[in-house]
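Trainee: Handing you this structure, nothing more for now.
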Amino acid sequence: MSNQSNALKAEVLEHASSREEWWSLPRTLYSEPSVYEAELEAIWRSGWLFVGHSCEVLAPGDFFTYEVGPDSLIFVRGDEGTLRGFHNVCRHRGTRLCREASGSVTELQCPYHGWTYRRDGVLSACKGMGGNVTPGETQLQSVHVEELGGLVFASLADSPPEFAPAAELIAPQLAPQGLERAKVAKAVTYDVPVNWKLIWENNRECYHCNQNHPQYILANFDHYNSDDTSEELHAALQAAQLRHDQALRSAGIEVSHGETGMALFPDPETGRWYSADRTTLVEGYLTESMDGALVSTLMGAYTEPDVGTLRVRTMPNCWMHASCDHAVSTSFAPIDKDHTRIIVRWLVAGDAVEGEDYELEKVMPFWELTSVQDWELCREVQRGVLSSGYRPGPLSRTKEYCLNAFLSWYCGALKDWAGESK
Amino acid sequence: MSNQSNALKAEVLEHASSREEWWSLPRTLYSEPSVYEAELEAIWRSGWLFVGHSCEVLAPGDFFTYEVGPDSLIFVRGDEGTLRGFHNVCRHRGTRLCREASGSVTELQCPYHGWTYRRDGVLSACKGMGGNVTPGETQLQSVHVEELGGLVFASLADSPPEFAPAAELIAPQLAPQGLERAKVAKAVTYDVPVNWKLIWENNRECYHCNQNHPQYILANFDHYNSDDTSEELHAALQAAQLRHDQALRSAGIEVSHGETGMALFPDPETGRWYSADRTTLVEGYLTESMDGALVSTLMGAYTEPDVGTLRVRTMPNCWMHASCDHAVSTSFAPIDKDHTRIIVRWLVAGDAVEGEDYELEKVMPFWELTSVQDWELCREVQRGVLSSGYRPGPLSRTKEYCLNAFLSWYCGALKDWAGESK
Amino acid sequence: MSNQSNALKAEVLEHASSREEWWSLPRTLYSEPSVYEAELEAIWRSGWLFVGHSCEVLAPGDFFTYEVGPDSLIFVRGDEGTLRGFHNVCRHRGTRLCREASGSVTELQCPYHGWTYRRDGVLSACKGMGGNVTPGETQLQSVHVEELGGLVFASLADSPPEFAPAAELIAPQLAPQGLERAKVAKAVTYDVPVNWKLIWENNRECYHCNQNHPQYILANFDHYNSDDTSEELHAALQAAQLRHDQALRSAGIEVSHGETGMALFPDPETGRWYSADRTTLVEGYLTESMDGALVSTLMGAYTEPDVGTLRVRTMPNCWMHASCDHAVSTSFAPIDKDHTRIIVRWLVAGDAVEGEDYELEKVMPFWELTSVQDWELCREVQRGVLSSGYRPGPLSRTKEYCLNAFLSWYCGALKDWAGESK
């Protein structure tokens, strides 16, 4: 086993080391089963995964499940209010405990032989075992859980990376959004036949926006960059900033990313797996909707609509754009090497009423279109990068700096893992 | 090759040895392709497989086919009455000879080039070969076949395990059932996305019955065990036995398993791959039907309905429950590592007439429900045991002794195979 | 890597060497992923592939795509009339450039970020890169292309085999057919769950024709051979030849294969990957149609209908039968180890008008039936050769000499590849 494992690490190290800075990934990083196996360990079972929203599990007993690769996890609100996470696997014979995506339970009972677990994962009944069980071996396998401003993160690692710095950075920015008191108006799951990295590669640049996201570019400044900033654009951005400053000043909220182009993430210098900033929207866009008009009531502590968008991103699986009246979180996980499951959730104020305060056909299209446009593009990339004719290509230093940073972060994670116990 | 093969055996030996007595299997025994490859050799191509019923191939030329992993077999009744089995593969270019599940043939003719085989597997025509064939190399590859009281067994091994001891034990018990003169009233095939071992694990305990098989537990005593036998239950069982003794005495039939719980199988002491015994049904249940009432005419030599159920089990792929008026055989084989094909057959007396003597909607539900309930459970186990959060769990010594015995038998079979030519 | 690659070659060499002359292939050559991987390199990325017809890409900008294994290629007619072939993969991030099977373009623009290539594969625009691209690394990866009498061939090899000898042999024979001025009346794509070699094995003998192609054998002499040629047949063949000689003399066309049975291809002595010859049709058959009657206007330079069939075959992926009034090309490529995509195209004279000069329901059935009959047979062979009961069988020396030649060519190709850099 340890020979096999060393051979795997040596192979993965070779693949990860073959990537050059400012170039796209070599084909083997998409094609080799060994690389995917390593990614599960080095990334998906090591870092912090966004798994859902606190508002989906408000009351004791509320739960949701989350799938990543072959693993199913379950998150349950405890009696005293703590949210806990477990492998969704019975300690008796391994049955998946719960097949529903969400719901509410008093206890978790295995459908097979009725082993029953309290909401804190402790076995409370296993009739028929005749006492032949050892308490330490019957508790549900727990995973680390953190709640941060209404976002739920989990880690399958024994010793996850520090969470506090992420909370410190993100919590103050999330505070006015009031996600803890929001509700998920709609969630859509997309199963896409692409390697998960292509989803990030797509997200980490807006170089493709002009050609593919006609609705997105009307509202945002991301697709511009220093190299293509005209005077006219510069003036528009300045005006938008000024507008925001006035609107936000009273609320103590600030636009932290006030330039064209995307905020740098991941940051190669700090290596941080998280980031958050507030960005200006184009004049006339109060929210990320098709026409810029509000699509629901104001969320959280906002008293003015003109707050731009708050963006949060966490490696390896989440980004969120939050406008004044709704927020959209996108998260994903690999199904296998060549398939990724993506969940997009649209959130509104918790007390907003469908049909009165908002209509889904107004809330959803902006990001529904953007999402589907992106998944279609990713399919075509998947087709190409597996081809024998694919060669890594050069990245734009003005348009794809975040993509380059992601690829460096990714290869670094593989290399750290492969090198750690050689 | 021999290096590869030794590496495979070493790997499999390590996996099989990692299982501990009274614990469920380690994940690798479900997940590793190498383990599945070994199972095909060590188990599926070594032992005796139940492949069908004699009554399905009564007349010369009658045949049925049977699939196991990538192999297709064909069983044909010869002119003189002998049932023979062959790889369903033409000796010319390897074409599958026969794609039908059953039927009747005078000869077996390959659809490709017309090579023709007699019912005994000897090539009788190969027009166009110009005599360029060697008799020894043109006979269909045969497999061993045994008929036992109306059950057909086959082995792909060069030297299969002894069959006589199985016949000696089972034949006398099967005799009054008259399966040779029965007919298959209905057969249903289930393709289930689970590893084949989970089907056995499910079958080798009735610990899950209370929670999952409401109809089954009304008729049977399997789900009780020494540890939960109340005085009331004890009295009911005693009464049932007494009733049976009277009914069976005249026929020379005896209840061989007269206790609650399941009869031990496989038996770790003897290592036998077969077992048979007769078990008492609950008062009011003359047969394994939904309400206990007869669903067809009496089978075989039975003159009284109150004969309990005769149960036959053979590793690695069959169990049967035979009541006075019908019998249900369940057999299966792997399609691949993660899929199993299961065939359930309902048999009645050969001269029973549908619509007059029996109706399928009365004969089938008891085991149709039990089957589907079980396959659903197995799917959830499959999901769990492949998870990184799965750990082997403890087995109940009063409820899962047969399951423990199966897992020991299974690991032993792998270890024997892996160790045999190291 | 080079260790891995040497291990692969050693393994493939062992498999390829295990085949005996005049016997079908050992199972491993169908079952092992390593063999398929080697085939892609040794055969599919080394030789000349038939990829389509010149008449499908007549005007500058016309293109078609072609898929082989994981690779997508695109062929575009240049401004000056040259047909060029490229990997259908953007040099930026690897996106598949074009997802349509055919069409016309002024430039090739990547749907992702708009990188644009001229019809000669040179990058003409990559807005946003800020000049950070090196011309040598931005040209589409080209593949070799040759046009031969209206047939388009391509090679992914760095140094493909010589093409001139093939052109020398085939061009004169193709000349009167006028394929350059033909049109594709219909193309049908078949995705068949069989290993690609079984498609060739099926095509390289007409031993199976009597039993499986009732329409084909009425028109052709292929299914006869020296060993089963009766006097009556001999007379019929003589008469047919005489008829042809008279018809063709004036046109300077000759029947080059004037015997029963199939012309030898591939030829083990020369090792040629191409062949062409003209064959006599049965009396009453002016063309390969259901009743032998013409189904369209005469093609090319033909002035008489009675010209037999011109047949062209090229390893590893094409055969064509051309009658006086229509031609049918069949080409294929592996999708993966166990699946093959086959494209059958029916061509008629370029100026023939559907509904006036021809009707598809007359043009298509002869080869549509033959095709589907063959793919069905191949499925049954695929089932059998993967079975543990399969053993290589003997080939007929009078009926399967071309098949034997194909298998020898195939094993030779693997052995050459595996041995070349050991």
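Just so it is clear, none of the values below were taken in a lab; they were calculated from the coordinates. Remember, predicted model here, so these are calculated numbers, not experimental data. Heads up, the Cβs are rebuilt from the backbone with ideal geometry, glycines too, and the neighbour counts pull from every protein chain shown.
Trainee: Just to be sure I understand the model, the point goes 7 Å from the Cα along the line to the Cβ. What's the resulting B:Val372 to C:Asp79 distance in nm?
Mentor: With each label placed 7 Å out from Cα toward Cβ, I get 6.8 nm.
Trainee: Semi-axes of the equivalent ellipsoid of the range A:165-413: what are they in whole Å, largest first, if each equals the square root of 5 times a C-alpha gyration tensor eigenvalue? Can you show the working numbers first?
Mentor: On the way: eigenvalues 163, 92, 62 Å².
Each semi-axis is √(5λ); the values are 29, 21, 18 Å.
Trainee: Taking each label point as 7 Å beyond Cα in the direction of the beta carbon, state the distances from B:Ala293 to the same residue in the other copies, shortest first, in nm.
Mentor: Going from nearest to farthest copy, the values are 6.8, 6.8 nm.
Trainee: Same structure again: With +1 assigned to the C-beta of every Lys and Arg and -1 to the C-beta of every Asp and Glu, and no other charges, what is the dipole magnitude of the protein assembly as shown about the Cα centre in debye, to the nearest 20?
Mentor: Details: 105 positive and 177 negative charges, 330 e Å.
For this selection, approximately 1580 debye.
Trainee: What list of ³J(HN,Hα) values in whole Hz, one per residue of the range B:84-93 in order, does the Karplus curve 6.51 cos²θ - 1.76 cosθ + 1.60 (θ = phi - 60°) give from phi, with Gly and Pro shown as x?
Mentor: Calculated HN-Hα couplings, in order: 10, x, 9, 5, 7, 9, 5, 6, 7, 10 Hz.
Trainee: Can you list, shortest first in nanometers, how far C:Thr106 lies from the same residue in the other copies, with each label 7 Å from Cα toward Cβ?
Mentor: Those separations, rounded to one decimal, come out as 7.2, 7.2 nm.
Trainee: Assuming a ≥ b ≥ c are the square roots of the Cα gyration tensor eigenvalues, decide whether the range C:48-160 counts as rounded (a/c under 1.5), prolate (otherwise, with a/b larger than b/c) or oblate.
Mentor: Numbers: a/c = 1.85, a/b = 1.60, b/c = 1.16.
Prolate shape, in that a/c is at least 1.5 and a/b is the bigger ratio.
Trainee: Taking only C-alpha pairs under 8 Å that are 6+ residues apart, what is the relative contact order of the range A:219-317 in percent? It would help to have the intermediate numbers written out before the result.
Mentor: Details: 138 pairs, mean separation 31.8, N = 99.
Contact order relative to length: 32 percent.
Trainee: How far is the Cα center of the range B:341-378 from the Cα center of the range A:264-318, in Å?
Mentor: 60 Å
Trainee: Then there is this: What is the magnitude of the charge dipole of the range B:48-160 about its Cα centre, with +1 placed on the Cβ of each Lys and Arg, -1 on the Cβ of each Asp and Glu, and no other charges, expressed in debye to the nearest 20?
Mentor: 460 debye
Trainee: Under 8 Å for C-alpha pairs, at least 6 residues apart: give me the relative contact order for the range C:165-413, rounded to a whole percent.
Mentor: Details: 452 pairs, mean separation 73.9, N = 249.
Relative contact order of the range C:165-413: 30 percent.
Trainee: With a 10 Å Cβ neighbour count serving as the proxy for reagent exposure, in which order, fewest first, do A:Ser256, C:Ser31 appear? Could you put the intermediate results ahead of the total?
Mentor: Numbers: A:Ser256 15, C:Ser31 18.
Taking fewest neighbouring Cβ atoms as first place, the list is A:Ser256, C:Ser31.
Trainee: Cα atoms only: what Rg and Dmax, in Å, come out for the range C:352-422?
Mentor: Cα only, the range C:352-422: 19.6, 61 Å (Rg, Dmax).
Trainee: Identify, among A:Ser17, C:Phe163, C:Gln173, the residue whose Cα sits farthest towards the positive end of the charge dipole of the protein assembly as shown, taking +1 on the Cβ of Lys and Arg and -1 on the Cβ of Asp and Glu, with the dipole about the Cα centre.
Mentor: The listed residue farthest towards the positive side: A:Ser17.
Trainee: Would you mind computing the Rg to Rh ratio of the protein assembly as shown from its alpha-carbon coordinates, Kirkwood style for Rh?
Mentor: 1.01
Trainee: Oh, and also: Can you list the distances in nanometres, one decimal and ascending, from the C:Arg243 label point to the identical position in each other copy, with the point 7 Å along Cα to Cβ?
Mentor: Nearest to farthest, the other copies are at 8.4, 8.4 nm.
Trainee: Choose one of C:Tyr190, A:Asn212, A:Pro334: the residue whose Cα lies farthest towards the positive end of the charge dipole of the protein assembly as shown (beta-carbon charges +1 Lys, Arg; -1 Asp, Glu; about the Cα centre).
Mentor: Value: A:Pro334.
Trainee: Another question about this same structure. Can you run phi through the Karplus equation (6.51, -1.76, 1.60; θ = phi - 60°) for the range C:121-131 and list ³J(HN,Hα) in whole Hz, with x for Gly and Pro?
Mentor: Result, ordered by residue: x, 7, 5, 10, 7, 8, 3, x, 7, x, x Hz.
Trainee: Once you charge only the Cβ atoms, +1 for Lys and Arg and -1 for Asp and Glu, what is the size of the charge dipole of chain A about its Cα centre, to the nearest 20 debye?
Mentor: Numbers: 35 positive and 59 negative charges, 292 e Å.
Here the size comes out at about 1400 debye.
Trainee: Now a separate question. Tell me, for the rotation carrying B onto C, which chain B residue has the beta-carbon closest to the axis and what that distance is in whole Å.
Mentor: For the rotation taking chain B to chain C, the closest Cβ gives B:Pro33, 6.
Trainee: Mind checking which helices in chain A clear 24 Å along their axis (Cα) and have mean Kyte-Doolittle hydropathy of 0.0 or more, DSSP H runs only? Spell out each step's value before the answer.
Mentor: Working: long enough: A:231-249 (26 Å, -0.64); A:365-385 (30 Å, -0.47); A:401-420 (28 Å, 0.21).
Passing helices, by number: A:401-420.
Trainee: Would you mind classifying the range C:165-267 by shape? Square roots of the alpha carbon gyration tensor eigenvalues, ordered a ≥ b ≥ c; an a/c under 1.5 is rounded, otherwise it is prolate if a/b is larger than b/c and oblate if not. Please list the in-between numbers first.
Mentor: Working: a/c = 1.76, a/b = 1.07, b/c = 1.65.
Since a/c reaches 1.5 but b/c is at least a/b, the shape of the range C:165-267 is classed as oblate.
Trainee: Still on this structure, I have one more. Taking neighbour counts of Cβ atoms within 10 Å as a proxy for exposure, in what order, fewest first, do B:Ile343, B:Ile74 appear? Working shown, then result.
Mentor: Details: B:Ile343 21, B:Ile74 26.
The fewest-first ordering by Cβ neighbours comes to B:Ile343, B:Ile74.
Trainee: Principal axis lengths of chain B from Cα atoms, whole Å, largest first?
Mentor: That works out to 78, 54, 34 Å along the principal axes.
Trainee: Output wanted: per-residue J couplings in Hz (rounded whole) for the range A:298-304, from phi through Karplus 6.51 cos²θ - 1.76 cosθ + 1.60, θ = phi - 60°, x for Gly and Pro.
Mentor: Computed from phi, the couplings for the range A:298-304 are 5, 9, x, 9, 5, 10, 10 Hz.
Trainee: Only bridges with both residues in the protein assembly as shown count here: give the DSSP antiparallel percent, nearest 5.
Mentor: Just about 95 percent of them are antiparallel.
Trainee: Which far-off residues, 5 or more places away or on another chain, put their amide H under 5 Å from the one on C:Gln109, with H placed in the peptide plane?
Mentor: Counting only residues 5 or more places away or on other chains, the set is C:Tyr117.
Trainee: A follow-up question, please. Once amide H atoms are built 1.01 Å from N in the peptide plane, which residues 5 or more positions from C:Ala182, or in another chain, come under 5 Å H to H?
Mentor: HN-HN under 5 Å from C:Ala182: C:Gly350.
Trainee: Same structure again: Name the long-range amide H neighbours of C:Thr95: under 5 Å, sequence gap of 5 or more, or other chain; modelled H, no Pro or chain starts.
Mentor: Close amide H contacts, sequence-distant or interchain: C:Cys90.
Trainee: Over the range B:48-160, calculate the relative contact order: mean separation of alpha carbon pairs under 8 Å at least 6 apart, over the residue count, as a percent.
Mentor: Details: 228 pairs, mean separation 31.3, N = 113.
Computed over the range B:48-160, the figure is 28 percent.
Trainee: Using 12 Å as the cut-off for backbone N distance, which residues of the range B:26-57 belong to the label zone defined by a point 7 Å from the Cα of B:Glu354 along Cα→Cβ?
Mentor: In the range B:26-57, the label zone of B:Glu354 (backbone N under 12 Å from the point 7 Å along Cα→Cβ) covers no residue.
Trainee: Also, quick follow-up: Helix-only mean residue ellipticity at 222 nm, chain A, DSSP H runs n ≥ 4 weighted -39,500 (n - 2.57), per residue, nearest 500. What is it?
Mentor: Numbers: 11 runs with 120 residues, N = 422.
So the helix-based figure for chain A works out to -8500 deg cm²/dmol.
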